[in-house]
């Protein structure tokens, strides 16, 4: 039996053990695109998108890389599962697993 738990910080109910795939990448901010020297601390936005399947996440990652939107030319796709954050309070979170793939 799957238990519905409150996920933080998404503020949604999910089933404990649910799986999703997250694509993450870095983009140069629009305000910094004309700069010759980019400051990684000030000029980079950290982006992510979540998908129900690995195939959809990889297809989106390929689209991002092929459109030259990444600051460093790579998107990482990581498998995530819902696991306890504070079990006593019945609050969970999406946790990264070691299963990841890099699209470049």
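The values are calculated or read from the model by the stated rules, or taken from the named source; none is laboratory data. All figures in this text were calculated on a predicted structure; none of them were measured in a lab. For neighbour counting, all protein chains shown are included, and Cβ atoms are generated from backbone atoms with ideal geometry for every residue, glycine included.
See the values below:
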read-out	value
Elements of type strands (runs of 3 or more DSSP E) in the chain, at least 1 residues being in contact (Cβ under 8 Å) with a residue 40 or more places away in the chain, out of contact with any helix residue (DSSP H, G or I) (no Cβ under 6 Å at 6 or more places or on another chain) and crowded, with 17+ Cβ neighbours inside 10 Å	4-7, 12-15, 19-28, 75-86, 91-103
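Yes/no per residue for (1) over 12 Å from the mean Cα position of the chain (by Cα); (2) at pLDDT below 95; (3) more than 26 Å from residue 11 (Cα to Cα):
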| site | (1), (2), (3) |
| --- | --- |
| 48 | no, no, no |
| 61 | no, no, no |
| 69 | yes, yes, yes |
| 74 | yes, no, yes |
| 78 | no, no, no |
| 82 | yes, no, no |
| 89 | yes, yes, no |
